[in-house]
Amino acid sequence: MNTHHHRTIHHFAVSLRSLALYPADTPTSEADVMTTVRFTQPPVREVSLTVLFDPVEGVLAADVGDLLGRLRPEYPKVAERSAMPPWNEINVPGIKIIPDNEAPPYCWWISNEKNDRLIRFQFDRLICSWRYTPGGNPYPEYRALLAELQGLLNVGNDWLESRIVDSDLVRSIRRVQIDYINQIDLPPADLLHGLITEWSHERGHTKFSESSLVAAQWVVDDDIAVGQQTTMKVDPDGVEGSRLSLISTTDIRDDESYVGGFDRIHDRVEQLFLSATSEDMHLKWGKRS
């Protein structure tokens, strides 16, 4: 056991400020009129939008070939992996109960030629991700990535309806999730120090700790009433910096669409990101108001 590796879980609140994680040259849409801050070189390295739906039944793994064919013009690379655990499994202390269904135990990973887009599909979820790659496309705005996910859902709906009459993938969406992974050029211990002090005592280039193995994860807020939880994680990036991950998930309320659920948790992630980073970082990333 490495005694220098400290992994802890903390619960604390941070102040809220408004942020957009978009490149400065991203066109402003009507939906983004509240955006007040942009960056010419945002630190984001991966963004994933996930929809979790009732398990699809009545189709076979072999039927997915038709779906992959419909997606091939945009996403020609395909790999078959083991399925992720069911999102709606029931956890009881000492017992894990997985609802019985006939969904095949596969997950299809589909990507574009530049590998900056990754689509993951299995019979209870769809994940649309942008990933930083050296020769890939720059980070798109949230609305653009959401529109891409909506297009994928339309293709999935058409495919499912061709096999099951009156099926509707969108109506079966129960939860949504957003993951933001950012690369921060600061050792994890320094980043955690800034988070805890809310950057009121920035240390400049003086290292708070020589250890690059410090890691932490904590729940920032947890709203049981709407099934919403937001988590922040700090991990070593494998070099000398940190990965700052923001993950927010929520149930879809009876009075909102899945897009409304995404907007709600996206706003929360934006607020937290600016609170979790310093003004010096913002200037380094090319902050524009």
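The values are calculated or read from the model by the stated rules, or taken from the named source; none is laboratory data. Here the structure is a predicted model, which is why all the values come from computation and not from measurement. So basically every Cβ, Gly included, is an ideal-geometry build from the backbone, and we count neighbours across all protein chains shown.
Residue count for region 135-170, restricted to those that are more than 16 Å from the chain's Cα centre (by Cα) and either aliphatic (A, V, I, L, M) or in a loop (DSSP other than H, G, I, E, B) (or both): 17.
For every residue, the table says whether it meets (1) closer than 18 Å to LEU52 by Cα; (2) modelled with pLDDT of 90 or more.
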| residue | (1), (2) |
| --- | --- |
| LYS207 | no, no |
| GLN228 | yes, yes |
| VAL234 | no, yes |
| ILE252 | yes, yes |
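If you go through region 238-249 and keep only what is surrounded by 22 or more Cβ atoms within 10 Å (Cβ to Cβ) and either under 15 Å from the mean Cα position of the chain (by Cα) or without any contact (Cβ under 8 Å) to a residue 12 or more places away in the chain (or both), you end up with LEU244, LEU246, SER248.
Across region 253-278, the qualifying residues are those that are out of contact with any strand residue (DSSP E or B) (no Cβ under 8 Å at 6 or more places or on another chain) and under 23 Å from LEU191 (Cα atoms), and the one among them that is surrounded by the fewest Cβ atoms within 10 Å (Cβ to Cβ) is ASP267.
Hey, any hits in region 35-43 for a residue that's at pLDDT below 85, surrounded by 11 or more Cβ atoms within 10 Å (Cβ to Cβ), in contact with a Lys or Arg (Cβ under 7 Å, 6 or more places away or on another chain) and on the phi < 0 side of the Ramachandran plot? For region 35-43, residues at pLDDT below 85, surrounded by 11 or more Cβ atoms within 10 Å (Cβ to Cβ), in contact with a Lys or Arg (Cβ under 7 Å, 6 or more places away or on another chain) and on the phi < 0 side of the Ramachandran plot: present.
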